[in-house]
1. Whole Å is fine, so just give me how far the alpha carbon centre of region 74-93 lies from that of region 145-173.
2. Can you tell which of Tyr117, Tyr153, Tyr25 shows the greatest fluctuation in a Gaussian network model of the chain with Cα springs below 10 Å?
3. I want the local charge near Phe8. Using Cβ-Cβ distances under 9 Å, sum +1 for each Lys or Arg and -1 for each Asp or Glu among the other residues.
4. What FRET efficiency would be calculated for the residue pair Lys17, Tyr236, taking the C-beta separation as r and a Förster radius of 51 Å, to the nearest 0.05?
5. Using a Gaussian network model of the chain with C-alpha springs under 10 Å, which one of Asn272, Asn198, Asn79 is most mobile by mean-square fluctuation?
6. Setting aside same-chain residues fewer than 8 positions from Lys279, which lysines have a Cα under 23 Å from its Cα?
7. Taking θ = phi - 60°, what integer Hz values does the Karplus form 6.51 cos²θ - 1.76 cosθ + 1.60 yield along region 127-133, in sequence order, with x for Gly and Pro?
8. With +1 on each Lys and Arg Cβ and -1 on each Asp and Glu Cβ, and nothing else charged, work out how big the dipole of region 2-42 is about its Cα centre, in Debye to the nearest 20.
Amino acid sequence: MEKLVTAFRRFASDEAKNNSPLYEYWCERIITNEQLLNLIMHIPETQPKPNLFLGSVQYLSAQKDTQLKRIFDNPNEVNLEESFQLLIGFCTQHSDELLQLFQTKYVQTNEVQRASYLYPIFSEIAEEAKLPLSLLEIGTSAGLLLNLDGYRYEIEQEPPISFGNENSPLTIIAKNYGTPITSVKSLNISHRIGIDLNIIDLQDSDEFLWLKSLIWPEQIIRRENLEKARAIHRQYSKFLLTGDFRKLLPPLFDNHVLKSSQIIIFHTHVANQFSVTLKSELLSLLQQLSHIQSIYHIYNNMEDKDLHVDFINAGITKNVKILENTDGHGKFFRWN
């Protein structure tokens, strides 16, 4: 129970604060409510409990005509304590349905805003490699980050810079607090491959509702971006593979499917759900596969929250770049 309380206290102070007053207040009150804590204890250890609990409540309430649904629809116009009492009542009434969601749903945010820093990183890699890129995303969810060349970008820095698809209906805006980016070239992507234990089908209305339910209520722009990215998604051919990356990655190298391209394996805000053993197995697997073909590995949450760019060749790993304290939702980053 102490571990659970710590998780919700940290979520309130480190993530929800200044981003979601509703979730911040709820999490601060949840840690004092034994009834809710006992319910939340049923969430599997592999899942981030605050995210899965809040997403499940939002998802279930969206399907029912209750006062709590109206709280999610208008989070800035509520009495926070009254909303918390509504949360308790909702969870009491629908505890069986929530317990089922805890066992069948995964935290799979597909935050397209993170492409704001991935695109210029991929551009640098393409310049260095002088090859088309093969993108392999672990924990791909619906695969929206595999379409990052379909979006337009405006980076607030001095001087500001824009790049990407100038005709895109989706413009991603982010702040760069680091060294100004001076040039970003267009991407030549030959393969787009996503791997996940549970691929989300954006054409399925129920699965799309789950993806929206993982977005915090006050973050309207994130919802709008998701809607626009959904439409763009249909325009890009990709392979989305369901299963364990440990089994799915080796055949892609063994069959030389990705030959004559530079492989980039990336995962953002996924490794926090990996055990220590799984993290070690991933790094070991990439070193083994790099004897067949070189790999750029882009990741965070393996050891810290910074975004790391490593180059792995013939079993040797070299760090190329680190972006410190990159925002979890891609609102800002620090280029170097």
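Computed from the coordinates by the stated procedures, all read-outs in this text should not be read as laboratory data. All values derive from a computational prediction rather than experimental measurement. Positions of Cβ are generated from backbone atoms using ideal geometry, with glycine treated the same way; all protein chains shown enter the neighbour counts.
1. 37 Å
2. Greatest mean-square fluctuation among the candidates belongs to Tyr25.
3. Charge balance in the 9 Å sphere: +2.
4. My answer for the efficiency is 0.90.
5. Fluctuation is largest for Asn79.
6. Excluding near neighbours in sequence, the set is Lys3, Lys49, Lys105, Lys247, Lys305, Lys318, Lys321.
7. 5, 6, 7, 6, 9, x, 9
8. Working: 5 positive and 6 negative charges, 6 e Å.
It works out to roughly 20 debye.
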